[in-house]
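The values are calculated or read from the model by the stated rules, or taken from the named source; none is laboratory data. Model, not experiment: these values are computed from the prediction. Note: ideal-geometry Cβ built from the backbone for every residue, glycine included; neighbour counts use all protein chains shown. Just so you know, the surface numbers come from the protein's heavy atoms only, side chains and all, with ligands and any DNA or RNA stripped out. Shrake-Rupley method; radii C 1.70, N 1.55, O 1.52, S 1.80 Å.
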Amino acid sequence: MATRSLSAKQIQERLQRHRSAVAVLAMQSARREVKAQIRAQGLKVAHYSAKEISILAEAHLAQHREQLRAEAEHAINTWPGFERWRCADVLT
């Protein structure tokens, strides 16, 4: 089986795509957690603007960055649907 070598530019692009995917998944998790906290307080998420939820999610992400990023990395590395955003083949 032949192996395909990647150029430096292709490696950089894949790494950037991976980092972006991790950041997006981490932010999505933070938004979900913020919405769950709002509901736990007996409030309605619909009473909050998207901007307010984003601000709260960014604060939550800042407090829990390492955990959320680790969860996002794990999801990308294990879920079949995220295979295209993995960079394990680039690093080996």
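A few notes on this one:
- Scanning segment 37-92 for residues that are among the acidic types (Asp, Glu) and farther than 14 Å from residue 26 by Cα yields 52, 83, 89.
- Any hit, segment 18-26, residues being touching a residue at least 60 places away in the same chain (Cβ under 8 Å), outside any helix (DSSP H, G or I) and surrounded by 12 or more Cβ atoms within 10 Å (Cβ to Cβ): no
- If the condition is being among the charged types (D, E, K, R) and open to solvent by 90 Å² or more (accessible area, probe 1.4 Å), then segment 44-88 contributes 44, 51, 58, 65, 66, 83, 84.
- Filter result for residue 57 (within 30 Å of residue 5 (Cα to Cα), of a type outside the set (Val, Ile, Thr), in a helix (DSSP H, G or I) and touching a residue at least 24 places away in the same chain (Cβ under 8 Å)): no
- The one condition in (1) of a type outside the set (Phe, Trp, Tyr); (2) open to solvent by less than 60 Å² (accessible area, probe 1.4 Å); (3) modelled with pLDDT of 90 or more that residue 7 fails to fulfil: (3)
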